[in-house]
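Here's the structure we're looking at; comments come further down.
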Ligand code: G3H
């Protein structure tokens, strides 16, 4: 049997701040881009002042001045994961690493060497639409009806201009077909909602449970698909 290893990306600063969605690294790149433009041929205090303004423009309230993709533990996890994968799949020449197209999974995969990496848009986190970048508290306060509808039926609830869990499950179909076809191990580095759906497929969990499946950070779920059925092992890499 060949294993499928499922894991969430290393903890991001958005995770720490309780913000859903986003693509932190991109925000950082945009910040640097504007900064470079804006500071051409000026120097000193004026630059510092402009940096502060940019921070205010680009960070949401509550963010710190330093924009980083990872929390400290998130960064350590990426390194631990790469050690684990390189050791676990040492003799598996044809193994591959699949990520989403979002920076936090690509960065989590980046320390892993020796295996091809494939980015799938279908592995991107559930699209929270107009709620992207908000905390659950903010949604509850500013959009109470949306909050209640999601609470009532998390599986079917679709974020305005975004997705529902059912949408995510549907878009995962080609990923699942490809995973089933693979003969070599695959490491899937993705996001909470997506991994809930993938895991449910392999662990044969009912549809209605999917949005509530526990999918902890910094943990690898190894699924072995053998002739006698599916076996599961968990590796918690951080305390
Ligand atoms: O939005 C991002 C989360 O990872 C999905 O979690 O469906 O429990 O809100 P949730």
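The values are calculated or read from the model by the stated rules, or taken from the named source; none is laboratory data. These figures come from a predicted structure and were not determined experimentally. In this analysis, Cβ positions are derived from the backbone assuming ideal geometry, glycine residues included, and neighbour counts consider all displayed protein chains.
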Worksheet entry | Selection status of residue 182, within 14 Å of the ligand (Cβ to nearest atom) and on the phi < 0 side of the Ramachandran plot | no
Response to the item:
All-but-one check, residue 156 against (1) within 16 Å of the ligand (Cβ to nearest atom); (2) more than 23 Å from residue 70 (Cβ to Cβ); (3) within 20 Å of the chain's Cα centre (by Cα), failing number (3)
Worksheet item: Is there a residue in the stretch 73-88 that is over 21 Å from the mean Cα position of the chain (by Cα), under 30 Å from residue 224 (Cβ atoms) and touching a residue at least 60 places away in the same chain (Cβ under 8 Å)?
Response: yes
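This table checks each residue for (1) more than 12 Å from the ligand (Cβ to nearest atom); (2) touching a strand residue (DSSP E or B) at 6+ places or on another chain (Cβ under 8 Å); (3) free of Cβ contacts under 8 Å to residues at least 24 places away in the same chain.
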| residue | (1), (2), (3) |
| --- | --- |
| 160 | yes, no, no |
| 163 | no, no, no |
| 189 | yes, yes, no |
| 192 | no, yes, no |
| 203 | yes, yes, no |
| 210 | no, no, no |
| 219 | yes, yes, no |
| 228 | yes, no, yes |
| 239 | yes, no, yes |
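In the stretch 98-156, which residues are assigned to a helix (DSSP H, G or I) and closer than 14 Å to residue 23 by Cβ? Give the steps one after another, and end with the answer.
Taking the stretch 98-156 and keeping what is assigned to a helix (DSSP H, G or I), we get 103-109, 121-123, 129-131, 136-142, 144-152.
Those that are assigned to a helix (DSSP H, G or I) and closer than 14 Å to residue 23 by Cβ: 103, 104, 105, 106, 107, 108, 121, 123.
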Fill in: Filtered residues of the stretch 205-230 (kept if surrounded by fewer than 16 Cβ atoms within 10 Å (Cβ to Cβ), at pLDDT 95 or above and farther than 20 Å from residue 153 by Cβ)
216
